[in-house]
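Reading through the structure tokens given below for one structure.
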Amino acid sequence: MFFYTRLALTNLKNNAKFYLPYLLSTIFTTALYYIISSLRFSESLQDHSSLIAFLDVGANVIVVFAVVFLLYANSFVAKNRKKQLSLYNILGMEKRHLIVMMMVETLITAILAIGLGLLAGIVLSQLMYLIIVNLTQASLEFIITVPLVSMYRSALLILAILGLSLLANLVRVIRSNPIDLLAQQSQGEKEPKTKIFLTLVGLVSLGAGYYLAISITDPMAAITMFFVAVLLVMLGTYCLFTAGSIALLKGLKANKNYYYLTRHFTAISGLIYRMKQNAVGLANICILCTCVLVTLSSTICLYSGIEDSVQLQCPVTQMITTYYAEDQELLENIVKKNIESISYDDYFSIRAYQTIGLVQGTSITFDPDQFDNFDNYATINILSQSDYNRGFNQDLDLHGNEIYLYSNYGYKENRITFANETYQIAGTITQKAIMADNSYSPKQLAIVVNDETIANIAFLKNSSPKFTIGFNSEADLEPVIEQVEADYTSSKEKVLYSLTNIDQQRAYGYELYGSMLFIGIFLSLMFMMAAVLIIYNKQLSQGYEDQNKFEILQNVGMSQQEVKQAIQSQILIFFFLPLVVSVIHLGFAYKLILNVLDLFLIGNTNNYFKATLICIGALVVIYCLVYRYTAKTYYQIVKK
Amino acid sequence: MSLLQVNQLKKVYTTRFSKQQVEALKSVSFEVEQGEYVAIMGESGSGKTTLLNLLAALDQPSGGQILLDGTDLTKITQRQISAYRRANLGFVFQDFNLLDTFNVADNIYLPLVLAKQKHQVMAAKLDKLAPRLKIDGLLEKYPYEISGGQKQRVAIARALITEPKLILADEPTGALDSKSTDSLLEIFEQIHQSGQTILMVTHSIKAASNASRVLFIKDGQIFHQLYKGDMTNAKMYQKISDTLTMLLSGGQ
């Protein structure tokens, strides 16, 4: 056994170039899973149900991703070890010896990965706890938690994945024939064929995905179509990276006057082979980068929009709405009685018809059969002059078709048409509170008409107005509101009411979007790790491919400088293609994402634009750093 | 004036970790006339490869000079050296040095493309050259699809297509079987007949016996030379063999 352990250790050390990144990925995965699981099972977070739900989703995504990703990482290591294993075989180790050796190697990997991964996880999870508490603004104290169940689960996950990898490697060894293995290295490679059909499939599906993304304006459709568009774009990306790139390069090659230029000659033929071997890897990098961009930009946008949205929805600290306007007096008396003991101001009460309308120019249609563009819809409150005067202590006196208008977006016209009638705008209202409890859309209108007119508006006859009371107060409202609820519900048999408290709204927003942002960052970290490992592996394989190319090109008369330039430009195209494509993907997804975000939160286009730019900027910087760092391995190999 | 003049060429290597100096070439002088076919023979470590690297301008000598058609190779700046090599020298290597990513035609075009020639011009040159080297049927194939002998003929085509003043061949038959070797030597003979100057470094007596002159190099010095004159290949083979035996046995 000692012999095998030593042999295994030597193997791992000698293959460090391949093995170390694999080990690091395994450690990283263990740590990530442990962190998210330990937060999931952390006792102090159990009350935050939406956070727990998101952590659950995140943990599941990590499991699925970890299996796929670590199996890929393992197969890359295994492929590059073939020669070594066949050499052992030729030198007299039997397959059963190899099997024992590989088992010992896996065991060492498992011990290192679980040990170091859990260690890193335990340390970092405390930091993550702080971050999550901060993001969700939960009022929690710092407690060090090390849930055993999370350690157990992480270990189990890694053992399962490593076991699968070992199984795959053993199958490879058992099936292999040492002579084949040795010969495989020197086989020449065929130039890839142009696959017209796949290229067309790629073009069509990418085009369809892009078209869906930019043409859908209905946010409800956007949320379902989002996934269709994502699938189409992914399919398109894979097809175009694999078949499209080669079709393009071969097309360029067929143009002799273009191809036989010094600048293009080595680049085109070199890239054809690089793409043939690496297209799927590059497409993976591209998809991962796009995932990072979409996840981060949208979660950052949601998070940064919380305050705006809360302000928009809550014109005052506390609102109480009843759906039976006839309870007006009863409710008002109860509230007034209960808030006598606290200090408050900006008290108002309002009886209004609440509706949604499509605003086009000066006309409003209250017919939300089909949602077109969310931007043109407004939430609308219609109320009578007497209700307005009473609720806000005013003395408006409107005649005939005169109305007063409140708009939060600067309605400029002097008239407005709805329900087959045109009204003259006699003045504007500035109290935000007039939108009470009906302010969840970016566009808001309130219309005050005189009492006779409101009785004549046909479509309001079938609906009933709502009655809302609101006020501002710094005091602790919880006991007060509890008493109001108790009084109200005990005074009547059938009650239907809603409470809107700005602090609760805010807390709710921070918990929901803070959790989303946290998961977004977390998953982005994992996607980035995968992308980094793939980039590193590609640098390695490209290095070995290019090793003798450098020499031959110099031998046939290129200067060292020329060779370096020629190959560098290929490597740059090769590695930056995925990044460029992912930014293009995001560009097309931009509108669709905005549409979906509209459903979650009052959309702030400016916020999302900023979030997107920040994410792209950050990704480009990180990508360049990763490229520069991993390129070192490439040059080390090539220079030998 | 001779096409190639090598005067008192010297090369000293200093190893990185010890101060000890290794004298790879002591003082080598010889001349190659226009149209001559010269073979250089010697054991491993005799300085053959060093000499070839210096002639190919891949390395700088420690002393002496190399004049190719009157130009001193040692005086050409690093920036111009690649262009100079491309225009004036043709190379044939033991392991062919063909690029797997190019088909046969593109491999041959490579030096011309680097010299920024038009495709029509290149194609015309290849059309003339390919039948002579019996590779006209292979042009669309890839290096991994053809045999070693064919690969070497492609490499020769690549060396010839720039119409260089001098062809430098490093063990061109080293990786070939005897049949391919024969046909390759025939081709060398044929291009020699057409007036091409060739300098070949080789271990193979058979290859050397085709040359019009054989230089023997030992311990970094020209030790002996043989002119073929009117001798048959077989006779020349015998003489080279005798010389090598003498060389190996340390005879003076």
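The table below gives the values:
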read-out: Enumeration of residues in region A:297-320 that are small (Gly, Ala, Ser) and either in contact with an Asp or Glu (Cβ under 8 Å, 6 or more places away or on another chain) or closer than 25 Å to A:Leu499 by Cβ (or both); value: A:Gly305, A:Ser309
read-out: Lone qualifier among A:Ile364, A:Ile356 - being at pLDDT 80 or above and either under 32 Å from the mean Cα position of the chain (by Cα) or not β-branched (Val, Ile, Thr) (or both); value: A:Ile356
read-out: Boolean, A:Lys466 is more than 17 Å from A:Val359 (Cβ to Cβ), without any contact (Cβ under 8 Å) to a residue 24 or more places away in the chain and not polar (S, T, N, Q); value: no
read-out: Selection status of B:Ala115, within 12 Å of another protein chain (Cβ to nearest Cβ), surrounded by fewer than 16 Cβ atoms within 10 Å (Cβ to Cβ) and touching a helix residue (DSSP H, G or I) at 6+ places or on another chain (Cβ under 7 Å); value: yes
read-out: Per-region count, region A:45-61, residues surrounded by 15 or more Cβ atoms within 10 Å (Cβ to Cβ), assigned to a helix (DSSP H, G or I) and more than 19 Å from the chain's Cα centre (by Cα); value: 1
read-out: For A:Phe575: the one exception among (1) within 8 Å of another protein chain (Cβ to nearest Cβ); (2) in contact with a Lys or Arg (Cβ under 9 Å, 6 or more places away or on another chain); (3) in contact (Cβ under 8 Å) with a residue 24 or more places away in the chain; value: (1)
read-out: Yes/no for B:Phe93 being touching a strand residue (DSSP E or B) at 6+ places or on another chain (Cβ under 6 Å), in contact (Cβ under 8 Å) with a residue 40 or more places away in the chain, within 11 Å of another protein chain (Cβ to nearest Cβ) and closer than 25 Å to B:His203 by Cβ; value: yes
read-out: Filter result for A:Val201 (of a type in the set (Val, Ile, Thr) and either in contact with a Pro (Cβ under 8 Å, 6 or more places away or on another chain) or within 30 Å of A:Leu597 (Cβ to Cβ) (or both)); value: no
read-out: Every residue from region B:96-109 that is at the interface with chain A (Cβ under 9 Å from one of its Cβ atoms) and part of a helix (DSSP H, G or I); value: B:Asp106, B:Asn107, B:Tyr109
read-out: Residue, farthest from B:Val32 (Cα to Cα), within region B:153-211, restricted to residues that are within 14 Å of chain A (Cβ to nearest Cβ) and in a strand (DSSP E or B); value: B:Asp170
read-out: Residue identified as buried (at least 21 other Cβ atoms within 10 Å of the Cβ) and in a helix (DSSP H, G or I) among A:Tyr627, A:Tyr590, A:Tyr634; value: A:Tyr634
read-out: Any hit, region B:120-131, residues being within 19 Å of the chain's Cα centre (by Cα) and farther than 26 Å from B:Lys206 by Cβ; value: no
read-out: Among the residues listed as B:Thr49, B:Thr77, B:Thr14, B:Thr71, the single one being loosely packed, with under 14 Cβ neighbours inside 10 Å, out of contact with any helix residue (DSSP H, G or I) (no Cβ under 7 Å at 6 or more places or on another chain), among the polar types (S, T, N, Q) and within 14 Å of chain A (Cβ to nearest Cβ); value: B:Thr77
read-out: Failed criterion for B:Asp59 (all others in (1) closer than 25 Å to A:Ser269 by Cβ; (2) acidic (Asp, Glu); (3) not in a helix (DSSP H, G or I) hold); value: (1)
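This table checks each residue for (1) within 15 Å of A:Gln394 (Cα to Cα); (2) buried (at least 20 other Cβ atoms within 10 Å of the Cβ).
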| residue | (1), (2) |
| --- | --- |
| A:Gln424 | no, no |
| A:Ile434 | yes, yes |
| A:Asn438 | no, yes |
| A:Ala446 | no, yes |
| A:Ala458 | no, no |
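The values are calculated or read from the model by the stated rules, or taken from the named source; none is laboratory data. These numbers come from a predicted model, not from an experiment. Note: ideal-geometry Cβ built from the backbone for every residue, glycine included; neighbour counts use all protein chains shown.
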